[in-house]
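Colleague: Please see the structure below; I have some questions.
The values are calculated or read from the model by the stated rules, or taken from the named source; none is laboratory data. The shown structure was predicted, so the numbers you read here are calculated from the model rather than taken from an experiment. For neighbour counting, all protein chains shown are included, and Cβ atoms are generated from backbone atoms with ideal geometry for every residue, glycine included.
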Amino acid sequence: MSLKVLNNRCKGCGICVEFCPKKVLIVNQFEKVEVVIEEECILCRQCEMRCPDFAIFVQK
Ligand code: SF4
Ligand code: SF4
C-alpha cells in the first residue's frame with residue numbers, strides 16, 4: 001500500500017492535512033499536497049475520503 005497524489009487535481013486546500021491523524025501530509029510552497037512521513041501513515045483513508053477533488057488515494 002502507498003499514497004498517491006494527483007498534482008493536477010490538488011488545489012492545496014489543506015483539508016487532508018487537517019484530517020490526517022498522523023501528520024503525514026503538508027501543503028508545499030507550490031500549493032500542492034506532499035507526503036512527508038509516509039512511514040507514519042496508518043492507511044486510515046481519511047485523506048482520501050475528505051478530499052473534495054479526489055486528488056489523494058491510498059493505493060493497494
Ligand atoms: S491514510 Fe490516514 S494516516 Fe495515511 S495520510 Fe491519509 S489520513 Fe494520513
Ligand atoms: S484535500 Fe485534496 S485538494 Fe485539498 S490539499 Fe488535500 S489532496 Fe489537495
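Colleague: Take GLU34 and decide whether it is of a type in the set (D, E, K, R), under 15 Å from SER2 (Cα atoms) and near ligand 1 (Cβ under 9 Å from one of its atoms).
Modeller: So GLU34 fails the test.
Colleague: Only one of (1) away from ligand 1 (no atom under 11 Å from the Cβ); (2) at pLDDT 95 or above fails for GLU18. Which number is that?
Modeller: Every condition holds for GLU18 apart from (1).
Colleague: Select from region 28-44 the residues that are under 9 Å from the mean Cα position of the chain (by Cα) and either assigned to a loop (DSSP other than H, G, I, E, B) or among the aliphatic types (A, V, I, L, M) (or both) and write down the one among them that is farthest from LYS60 (Cα to Cα).
Modeller: VAL33
Colleague: Looking at VAL5, VAL36, VAL27 in this structure, which one is surrounded by 11 or more Cβ atoms within 10 Å (Cβ to Cβ) and in contact with a Gly (Cβ under 6 Å, 6 or more places away or on another chain)?
Modeller: VAL27
Colleague: Now for a separate question. Kindly provide the set of residues from region 42-52 that are over 11 Å from VAL5 (Cβ atoms) and out of contact with any strand residue (DSSP E or B) (no Cβ under 7 Å at 6 or more places or on another chain), ordered by number.
Modeller: ILE42, CYS44, GLN46, MET49, ARG50, PRO52
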